[in-house]
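What follows is a set of notes on a single structure, which appears directly below.
The values are calculated or read from the model by the stated rules, or taken from the named source; none is laboratory data. Because the structure is predicted, anything quoted here is derived from the model rather than measured. Here Cβ is always computed from backbone atoms with ideal geometry, including for glycine, and neighbour counts include all displayed protein chains. The protein model used for the area step is the full one, side chains on, heavy atoms only, and it has no ligands, DNA or RNA in it. Shrake-Rupley method; radii C 1.70, N 1.55, O 1.52, S 1.80 Å.
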Amino acid sequence: MIKDRLRLSEVLNHYGLAPKNKMLRCFMHDDKTASLQVNLEKDFYKCHACGKSGDVIQFIEDYEKITKHEAIKKAGSLIGGSKLSVDGKKQATQSKHPSTGNHQPDTGFLARMFSYFKNALHASGPAKEYLAKRGLDNAVLEIGYNSGQFHHGSRRDRQLIEHAVEIGLLLDKGLINNRTKEKAYQVFANKSLIFPLKNKEDEIVSLYGRSILDHDSPEGSAQVKAKHFYLKNRSGIYPHYPNSQTLKLILTESIIDCASLLQIKEIVHKGCRTELVEVISCFGANGLNDEILSAIKGLAELEEIIFCFDQDKAGKEAVEKYAGLLKEHLPSKQNDRFLTKEAVNGSLIMSQVVYSFVELPCKDVNETLQLHDETLFTELLEKRIFIFSNEDGTGRRAGLKHQFHTADSLSSDKVTGLNPVEITTSKSIPSEKDHWHSATEFLEQKDLLRNLNQLIEKAGIIGEENSRLLLFLITISYLNKSPLHGIVQGSSGSGKTHIISRIADMMPPEDVLRFTRITESSLYNWGEFDLFGKIIIIEDLDGLKEDALYALREFISNQVLRSSVTIKDKKGNNKSSHKIVKGQFSSLSATTKGETYEDNMNRSFIVAVDESDEQTDKIISYQNRSEQEKAIGFIQKIVRNLKHYEVINPYATQIQLPNNVKNKRRLNEMFQAIIKQVTFINQYQRQVAPAGNYLITEIEDIENAIEILFESIILKIDELDGSLRQFFEKLKKAFKDDQFSRFDAMAVTGFKKTQLQFYLNDLVRLEYLKQIGFANKGFTYKISYNDNIQRVRKDLKEAFIKQLEELKRKK
């Protein structure tokens, strides 16, 4: 209704009336004492002298002395921001901002406020959690957050508040804060995501707010329970006015749905298409307003309008309504691209704009993209249904292949000019031969681990087949109550930092914290839940001092840090306080040192970088880098589709690690943890325990866990760390019983002088090498302990195989 959309304050501003202390001189009689009271909160007025009262429409009727019908017409014109005289002729608005004098919204002020809201988003955990829940990426989209604090504290500025009240960011309710004794305001879209609405000049002219609060709660005020907020005198289009050369226009019902589509690069990535596709939002099922309609009418090249509205009754009725409305307003196009060579008495037939809609598997666009991979949406667009057809009037499906295309000629059933939209999509991730199209379907496939490993390679980790899969399983453990930790060990320049960084790229970015270094006290200074449900990446473990390592070690072991700190109370006095930081997180770290972090390594899985010549050749020969970004995005969706489960392993006591393993008890815990992680990743294929939210491990999970973890177990058995072992094996292969110099070793291993000497000294200290000669003449070396690590590997593998066969026999 008009009364619900037009505020009394706007009407007063339109007529140049400025109440003082909520009072005006009554215009209906000779009033010298200002007896007319206005209630701007309830949009109501009353004269205490003559008794006249009413709402905004009655006020217009009384003020201009016009009929009710004329007053309603005038009120409707004020909603659009323009003046309309009684005779129906539009006039320029006289509304001015008190400080700028502009006839248009103060775009500069709105731009500054939106910039503030964008920055506020980064500091709000709840807002970022809501974004993650809705699958929205503020690194791609223009999104802000209104915490309701922009006019408080040091930011409290009289001019800012006046601007905010004028525009509608603050509502003056005439209240006083009992504590501060200052005027209190109701905040527009408090605790809401903020989206900008823009005019033709791409300036912000209004804002939309979407509350992040739980609206099912019975608590809270009416405003708290509201979900959607618009500034008064709403104008502008989200995300912007469509390009004048737009050929295909996608309309969504809501701004959240529109934002979701803007993240699909195949749809909106500029400069990579043969046809220009734009996406804009309506303001609800009945929100295709005059401004949007006018913008669409201005698209001279437009070929097709595609509706992506909700699947409820209101959404379907709106598609039918607006398709008919647009068809009436958009005339036939006088452009050769719309002419078909369909013979009708030897002449060409001119077509109109085509109308279609997308059938969604979920209630709306956003939910569809939350629960499915974005490649599904391009498929849904390919299968869109045309609304107007000369076949049976019911519409028909577009007969499209993998790409939307423009047909060079149209058959007899296409006389209406139904030109499909062109959006280039890549089927390499997933590939055309794959029978799955979404993250859920990917997780349901039988050879999940093998295909996941291949996908990880496409994301940029070449070789390291078991190591990369182990690191992936360790990292996604942040979703569970007992997260795991990994240390990647290798020499300088071996690529260890690249591996952990690339694994981190595959995780939802809002859950990842990357650190080059950690100071001694920094872990103690996080908020209580800031590190809860996170992934921590430490690029250089060698750079951490002992106190920082101790804090990290305690965090990993106990998932909590407690410290006694000194704080100042309200009076400025020092007082002691107990600070707690809870840390349910998984972590990956990189180091060049093998045995320096023994205590940390006891709590972590050790992965050695493959520094062989064969691995180097794999990396050099890898050419298919174009798939990396798509693979990373798809893996992120896989992780987001994993649900929280605990795991029951009925075989936990029936398979044992060998006795010669160092720290066998702790390693057995880690071994059982990886079995649980393999079960967890296979959750779409595993039985859920009847008693609760538990997955049940199968023998196949144990087999896969052994294969993935095998090299890490060998590192626990081996006295040498990963890099030192690879270095020693190269020496054994090259020299056997022969003496060699450090220059000979340099030629064989490829290591430079400093690193090489470090390894040689370690092997001498551990008595694997014998040092011969004197320093002034140069040492030579000889292998003194020829351990048989391959034999150890063989025995361990056979022991596991024997236990697995016994399990299968008992099953």
Quick one: which residues, 5 or more positions from residue 769 or on another chain, have an amide H under 5 Å from its amide H? H modelled 1.01 Å from N in the peptide plane, none for Pro or chain starts. 764, 784
For Cα pairs less than 8 Å apart in space and 6+ apart in sequence, what is the mean separation divided by the residue count of region 551-590, i.e. the relative contact order in percent? 38
Per the rule of 0.36 nm per residue minus the C-alpha distance, extending residue 811 to residue 786 adds in nm 4.8 nm
How large a share of the accessible area of region 272-317, in percent, is made up of carbon and sulfur atoms when the probe is 1.4 Å and the other protein chains stay in place? 47
Below 12 angstrom from the Cβ of residue 23, what's the summed charge of the other residues (Lys, Arg +1; Asp, Glu -1)? +3
Distance in nm between label sites at residue 202 and residue 320, each 7 Å beyond Cα in the beta-carbon direction? 4.0
Label-point gap, in nm, between residue 226 and residue 700 - each point 7 angstrom along Cα→Cβ: 5.4
Could you order 732, 593 by accessible surface area, starting with the largest, using a probe radius of 1.4 Å? 593, 732
How large, in percent, is the carbon and sulfur part of the accessible surface of region 1-61 at a probe radius of 1.4 Å? 46
How long is the gain from residue 41 to residue 688 if the chain were fully straight, where each residue apart is worth 0.36 nm and the alpha carbon distance is subtracted? 227.5 nm
Please report how far the C-alpha centroid of region 634-677 lies from that of region 697-754, rounded to the nearest whole angstrom. 25
Around residue 172, with a cut-off of 11 angstrom between Cβ atoms, what is the net charge of the other residues, counting Lys and Arg +1 and Asp and Glu -1? 0
For region 687-811, what number results from the quotient of the Cα radius of gyration and 2.2 N^0.38 Å? 1.56
Listed here are the pairs 227/313; 730/797; 297/630; 200/363; which of them are more than 25 Å apart at the Cα? 297/630; 200/363
Could you compute the net charge surrounding residue 363? Neighbours are other residues with a C-beta less than 9 Å from the C-beta of residue 363; K and R count +1, D and E count -1. -4
If you take the beta carbon distance between residue 510 and residue 30 as r and set R0 to 45 Å, what does 1/(1 + (r/R0)^6) give as a FRET efficiency, to the nearest 0.05? 0.10
Please work out the FRET efficiency for the pair residue 542 and residue 764, using the Cβ-Cβ distance as r and a Förster radius of 22 Å; give the result to the nearest 0.05. 0.45
Residue 23 versus residue 775, label points 7 Å from Cα toward the beta carbon: distance in nm? 9.8
Report the FRET efficiency, 1/(1 + (r/R0)^6), for residue 550 and residue 593, where r is their Cβ-Cβ distance and R0 is 25 Å, rounded to 0.05. 0.90
Magnitude of the Cβ-charge dipole of region 702-793, K/R +1 and D/E -1, about the Cα centre, nearest 20 debye? 500
Mean Cα-pair separation over length for region 708-774, i.e. relative contact order, pairs under 8 Å, 6 or more apart, %: 22
